[in-house]
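Q: First, the structure itself, so that you have it in front of you.
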C-alpha cells in the first residue's frame, strides 16, 4: 500500500518536521487602536471614560519605558578636581558648562551618539572629559480602543475616531 500523499506545500512556507502537525501555527494577531499614552494616569482614565461614554470598548494598560542617556563631564587632572581655569577654557571654546553634583557638565542628558560626538570634539581640543550614564524609566498609561481580529476592522474604527477628532494609530499585538 502506498503512503498517503502529503498535502501541497505553499511556496516559501517551510514544511513542518515529520510527525508534527501543521496546526502549530502562531496565534492570530490582534489589532487595537491606540489613542493615547499618558504619564498622568488620570488623563488616561478620563479619555477612556469619554470613549466608553461614546459606546466604544476602551481600556487602559500600563507600559514602562526605560531610557539610557549620558552627560559629558569635565575630567579633572591630577587629584581629580576640575579647576576654574579649565571650566573657563571650555566656555571660551564655545561650550556651555553647568555645575552638577557629578562635577562640571558640558551637556545635559543626551543620547549616546551626541555624548560621543561632544566628547570627541572636546578631546580634539585638548579637554579631558568622561561620560556618565544615567538610566531613567517612566510608566505610561496607554489608552486603547477595541480588540479587532483584522487590520481592516481596526482601520475602520480609527477612521471613525479620526472623524470625531480623536487621533490614534493601529497597533498589532501577537
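Q: With Kirkwood's inverse mean 1/r over C-alpha pairs for Rh, give me the Rg to Rh ratio of the stretch 67-136, two decimals please.
A: With Rh from the inverse mean 1/r over Cα pairs, Rg/Rh is 0.94.
Q: Per residue, how much space in cubic angstrom lies within the convex hull of the C-alpha atoms of the stretch 32-174?
A: Once divided by residue count, the hull of the stretch 32-174 is 160 Å³.
Q: Evaluate the distance, in nm, between pseudo-label points positioned 7 Å from the Cα of residue 139 and of residue 50 along their respective Cα→Cβ axes.
A: 2.4 nm
Q: Rounded to the nearest 0.05, what FRET efficiency do residue 88 and residue 66 give with R0 = 25 Å and r taken as the Cβ-Cβ distance? Could you check?
A: Rounded to the nearest 0.05, the efficiency is 0.10.
Q: Taking a point 7 angstrom from the Cα of residue 43 along the C-beta vector, which residues in the stretch 117-154 have backbone N less than 16 Å away?
A: 138-144
Q: Shifting gears a bit: Specify the inter-centroid distance of the stretch 67-114 and the stretch 153-170, based on alpha-carbon positions, in whole Å.
A: So the separation of the two Cα centres works out to 47 Å.
All of the numbers you see were taken from the coordinates with simple rules; none came from a lab. Just so you know, these numbers come straight off a predicted model, no measurement behind them. All Cβ positions, glycine included, derive from the backbone under ideal geometry; neighbour counts span all protein chains shown.
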